[in-house]
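Colleague: One structure follows; several queries about it will come next.
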Amino acid sequence: MNRKEEIIYATLELASVNGIKGVTMAQIADKVGIKAPSLYNHFRSKEELIREMYVFLREKAQKNNLEGPLDYTKMFEKKSLEEILLSSVSSYIGMISNKNMLQFLKTLYSERSTDPMAAGIMVEETERMLAQSRDLFYALAVHEKINKTNADMAAMTYALTIHSIIDYRMDKITAGELKEFGDENSPVPGKITDFIKWFSNMIGGNNYE
C-alpha cells in the first residue's frame, strides 16, 4: 500500500465516524502519522482527496467484481433478456456492495442533501450508471434482444428505476434498518428481481431471445 492509499483509507475510516464534513486535513494527517503540510504533497485539497477516494474505491471494487473486460457476445449467449439484465445488475450491486465502497456511499448518502461535494459525486455515479445502461441496451438492440427503437427510453427507464430501488435500500442501511444491501438469500434485492422480470416482459424480451 502506497502513501496515497494509506491517506484514502484513513480518510474513509474517519469519515465513517465523523462524516465527510467533520473530517479535517489535520485529522487525516494525524491518523496517517505524518505532518499536515506533507498531506498536501499528495492532495491539493480535501475536495481533491474525496474525489480521488471515490475514483480509487470504485475502480478497486469494480476490479474485484469483474473477471475481465466486458464481452457482450459472451454475456448474451444463450440467455434471455431477463437473465442478461439480472446478471448486469448483479455485477453493479456487487461493486457498490464492496465493503469499502459501501461505507463510502453510506457517508455520501447521509450528507448529499447538505454537502455539494457529496451531491456532486452522487450525480457522477448516477451518470455513470445511465451511460453504462445505455451501452448495454444498445448492445441488446444490436443482438436483437430488444427492439432498436426502444433502446434509449428502455435504458433510461431501467437505469432510473434500479437507481431508485438502490436509493431506497441505501436509505434503509443508513437508517440502521438493514445491515446488508441484498436480501437474505440473494445479493440482489427482491424488488429489483421483480422489476427486471416485469420489465423484460414489457419490452418484449420473450420475443427477442
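Colleague: Under a point spin-label approximation (7 Å from Cα along Cα-to-Cβ), what is the Asn185-Glu83 distance to one decimal in nm?
Modeller: 2.0 nm
Colleague: Among all the lysines, which ones have a C-alpha under 18 Å from Lys35's C-alpha, if same-chain residues fewer than 8 places away are not counted?
Modeller: Output for Lys35: Lys4, Lys46.
Colleague: Follow-up question, since we're still on this one. What's the angle, to the nearest 10 degrees (0 to 90), between helix 190-202's Cα axis and the longest principal axis of the chain?
Modeller: Approximately 40 degrees, to the nearest 10.
Colleague: Now for a different question. Pop the C-beta distance of Asn150 and Gln62 into the FRET formula with R0 = 22 Å and round what comes out to the nearest 0.05. Provide the component values of the computation, followed by the final result.
Modeller: Details: r = 28 Å, r/R0 = 1.27.
The value I calculate is 0.20.
Colleague: Given a 10 angstrom Cα cut-off, can you work out which residue in Thr114, Thr126, Thr11 is the most mobile in a GNM of the chain?
Modeller: Top of the fluctuation ranking is Thr114.
Colleague: Bin by bin, in steps of 5 Å, what percent of the Cα pairs in the chain do you find, going until the bin that has the longest distance?
Modeller: For the chain, the pair-distance distribution reads 1, 7, 14, 17, 17, 14, 11, 8, 5, 4, 2, 1, 0.
Colleague: Calculated FRET efficiency, Ala175 and Lys31, Cβ-Cβ r, R0 30 Å, to nearest 0.05? If you can, show how the numbers build up before the last one.
Modeller: Values: r = 27 Å, r/R0 = 0.92.
About 0.65, to the nearest 0.05.
Colleague: Taking the Cα centre of the chain as the origin, how large is its charge dipole in debye, to the nearest 20, when only Lys and Arg (+1) and Asp and Glu (-1) carry charge on their Cβ atoms?
Modeller: Details: 26 positive and 29 negative charges, 87 e Å.
Approximately 420 debye in magnitude.
Colleague: Moving on. Any chance you could run the full-extension gain for Lys21 through Met75? It's 0.36 nm times the residue separation minus the Cα-Cα distance, nm to one decimal. Don't jump to the answer; show the numbers that get you there.
Modeller: Details: separation 54, 0.36 × 54 = 19.44 nm, distance 4.14 nm.
Difference between extended and current length: 15.3 nm.
Colleague: Next up: Can you pull the one-decimal nm distance between simple spin-label points at Ser91 and Asp167, each 7 Å off the Cα toward Cβ?
Modeller: Spacing of the two 7 Å Cα→Cβ label points: 2.5 nm.
Colleague: Let me ask something else about it. Please work out the FRET efficiency for the pair Tyr138 and Ser38, using the Cβ-Cβ distance as r and a Förster radius of 41 Å; give the result to the nearest 0.05.
Modeller: Numbers: r = 47 Å, r/R0 = 1.14.
With a Förster radius of 41 Å, E is 0.30.
Colleague: Dipole of segment 1-121, Cα-centred, from +1 at each Lys and Arg C-beta and -1 at each Asp and Glu C-beta, to the nearest 20 debye? Walk me through the numbers on the way to the answer.
Modeller: Details: 17 positive and 15 negative charges, 48 e Å.
Result for segment 1-121 is approximately 240 debye, rounded to the nearest 20.
Laboratory data are not the source of any read-out in this text; all were calculated from the coordinates shown. Computed from a predicted model, the values in this text were never measured in an experiment. Every residue, glycine as well, gets a Cβ built from its backbone with ideal geometry; the counts of neighbours run over all protein chains shown.
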